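The values are calculated or read from the model by the stated rules, or taken from the named source; none is laboratory data. Predicted model only: the values in this text are computed from it and were never measured. Cβ: placed from backbone, ideal geometry, glycine included. Neighbour counts: every protein chain shown. For the accessible areas, the whole protein counts, side chains as well, though only heavy atoms, and no ligand, DNA or RNA atoms are used. Shrake-Rupley method; radii C 1.70, N 1.55, O 1.52, S 1.80 Å.
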There are 2 protein chains.
Amino acid sequence: MIDVLTMGRVGVDVYPLQVGVSLREVETFGKYLGGSPTNVAVAAARLGRSSAVITRTGADPFGLFIHDALGEYGVDDRYVAAVPDLPTPVTFCEIRPPDDFPIFFYRHPKAPDLEISPDELDLEAIAGTRLFWATVTGLSQEPSRAAHFAAWRARGRMPYTVLDLDYRPMFWPGLAEAHDQVRAALGQVTVAVGNIDEVEVATGTRKPHQAARALLDAGVELAIVKQGGDGVLGMTSEETVEVPPVPVEVVNGLGAGDAFGGALCHGLLEGWSLEDTLRFANAAGAIVAGRLACAPAMPTADEVRDMLGAEAPGRTKGGER
Amino acid sequence: MIDVLTMGRVGVDVYPLQVGVSLREVETFGKYLGGSPTNVAVAAARLGRSSAVITRTGADPFGLFIHDALGEYGVDDRYVAAVPDLPTPVTFCEIRPPDDFPIFFYRHPKAPDLEISPDELDLEAIAGTRLFWATVTGLSQEPSRAAHFAAWRARGRMPYTVLDLDYRPMFWPGLAEAHDQVRAALGQVTVAVGNIDEVEVATGTRKPHQAARALLDAGVELAIVKQGGDGVLGMTSEETVEVPPVPVEVVNGLGAGDAFGGALCHGLLEGWSLEDTLRFANAAGAIVAGRLACAPAMPTADEVRDMLGAEAPGRTKGGER
């Protein structure tokens, strides 16, 4: 059985080897595995969970690299297939700390990961995984959208079924369509997680508590609102938890959200309290924000515990794998 | 007055810093100016000609880089504008000498350089340049296609009006449409240059002499067929010239054709004999094939003369700028 099964975006991150400059000035690039739900699977694997990702590459050398990289990170690639005639997407970024990390996607004419179709899914594996993670981007085009709803039907709202509210305007014809799709999806999942911009798309409000309550009202059992410098809010019908941000000198903000996601999966599966889980996830995100790389920077459980010190869930309660 | 005015493709070449491996294995990349007619303008500038390129970038940092790079190479960028909402194309390649240099274009949803429209052209400059260079790729989509024919109308088949038969199947819906467009274009230009694959698209034959004659019959005054290891054939109504290849240990075959093109422009404008011109262009191409880079590798006239030794046009006749 797979602990964490994610579904959606993959690509090659072609990221600058020079920091603090624009793509106008950058001279050289490194090549990394990328794509949010793929990085979540990497982050979970790094924390000791068995993980896999359901995605699609182009039938090209970059696609083969994705398999190689997944293997190196210990992520099962059995649900990664190639789509003919579509290039593996590449993503450029600028690394301009502390707070400017623009992303440039090359996902046309269509990203292979949006070609995941319902009849290709291993519904038994999807129903059988302990935690199923998908993102709003996967709802932006068919047949991927239908595949997501088919996967959720197979889950039958079984915990943990997580929706990352990941919203990127360039993937959508307009905000209204994104909003409608998120609303439909919220009824199919048990956990929703997003930043302020993303919960606004889902709920229409930027007020964290109001947004979290709206997410619960829409059907989830746990709503998590990431507020950057204001910390993280977690809400269930029974408790509301707010944890402060972990201070970090930001090198590259990209990937921090995925590190948070992988750690969230880990905390949920460990059965930690909501507060411990969010503290742990926050620290994992901070560690990656303080590092240049994304996928290669995902921390181990020991690294997260070291950052948390006395507050680490592993220290106070054990149970770490 | 501009000596050499080219029109068409531009992009950012994101080329491997490791040689002999696929994109699966490559670890780092360099960033270079790219796009065939742009490289021809660079090659001509390197040989001392004044040159400019008519093209379009995205409204993004890579587009600004293209302006910077043109400036560094001494190519006038006054006809380079940005198209909103389309990314500057990027191109990856594999450098697998001696003869395998696959290219991976990211030019979707549409390349800005195919958005050049007839009403944006400086027809006075196009009519006034000593040599106007365009490529078949510019005919693959509207409004670029109409812009090319408008430019040629402004030229009125004035020498030198060069068509690079540059054919890349992925830019076309099918061979038949490419063939039709090339045929229509051949009546508008005075020089046609291409390799065996490209002259076959234009003429239906891979036999160099037969193809050259067919190009003359279609309306050009000078037909040039590049035969790789078999050298180059040049044909006018008055003479047929064959020059042998220049032996070179190939490092990266990409860009050699554009070096040949820039040197061809130079030889024509110098008024050299056809044989001298083709020898010089052949040597320029060989120099770039023996170097890793493309645009940054374009040789000076002295470098070409050094390779040619006693056979250099500059040695026997002078006239080099």
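Gap in Å between the Cα centre of region A:7-70 and the Cα centre of region A:201-246?
28
For peptide A:59-65, how many partner chain Cβ atoms fall within 10 Å of a residue's Cβ, on average?
Shielding by partners across A:59-65 averages 5.
Mean separation of Cα pairs under 8 Å and 6+ residues apart, divided by the residue count of region A:72-162: what relative contact order is that in percent?
Rounded, it is 24 percent for region A:72-162.
Share of Cα-Cα pairs in region A:119-206 beyond 22 Å, in percent? Let's see the in-between values first.
Working: 844 of 3828 pairs.
The share of Cα pairs beyond 22 Å in region A:119-206 comes to 22 percent.
Roll a 1.4 angstrom probe over the protein heavy atoms and tell me the percent of accessible area of region B:4-300 that is carbon or sulfur.
So the carbon and sulfur contribution to the accessible surface is 49 percent.
Rolling a 1.4 Å sphere over the protein heavy atoms, what is the accessible area per residue of the protein assembly as shown, to the nearest Å²?
36
How much solvent-accessible surface does residue B:31 expose, in Å² to the nearest 10, with a 1.4 Å probe and all protein chains in place?
For residue B:31, the solvent-accessible surface is approximately 20 Å².
For A:85, A:197, B:230, give the ranking by accessible area with the largest first, probe 1.4 Å.
Putting A:85, A:197, B:230 in descending order of accessible area: A:85, B:230, A:197.
In Å and from the alpha-carbon atoms only, list the Rg and Dmax of region B:4-300.
17.6, 52
Over its Cα atoms, what ratio of radius of gyration to 2.2 N^0.38 Å does the protein assembly as shown give?
Compactness ratio reported: 1.11.
How much accessible surface area, in Å² rounded to 10, belongs to the heavy atoms of residue A:46 with a 1.4 Å probe?
The accessible area of residue A:46 comes to roughly 110 Å².
Taking Cα pairs under 8 Å and at least six residues apart, what relative contact order does region B:4-300 come out at, in percent?
17
If you build a Gaussian network model of chain A, linking Cα atoms that sit under 10 Å apart, which residue out of A:139, A:86, A:278 swings the most?
A:86
Please list A:50, B:140 from largest to smallest accessible area, probe radius 1.4 Å, with all protein chains kept in place.
A:50, B:140
On the full set of protein chains, 1.4 Å probe, figure out the accessible area of residue B:266 and give it in Å² to the nearest 10.
Solvent-accessible area, nearest 10 Å²: 0 Å².
In the Gaussian network model of chain A, springs joining C-alpha atoms below 10 Å, which of A:249, A:311, A:120 carries the largest mean-square fluctuation?
In this elastic network of chain A, the residue with the biggest mean-square fluctuation among A:249, A:311, A:120 is A:120.
Between the chain alone and the structure with every protein chain in place, find the residues of region A:1-48 that drop at least 20 Å² of accessible area; heavy atoms, 1.4 Å probe.
A:14, A:23, A:24, A:27, A:28, A:29, A:31
With a 1.4 Å probe, what is the total accessible area buried between chains B and A, in Å² rounded to the nearest 100?
Buried area (both sides, nearest 100 Å²): 2300 Å².
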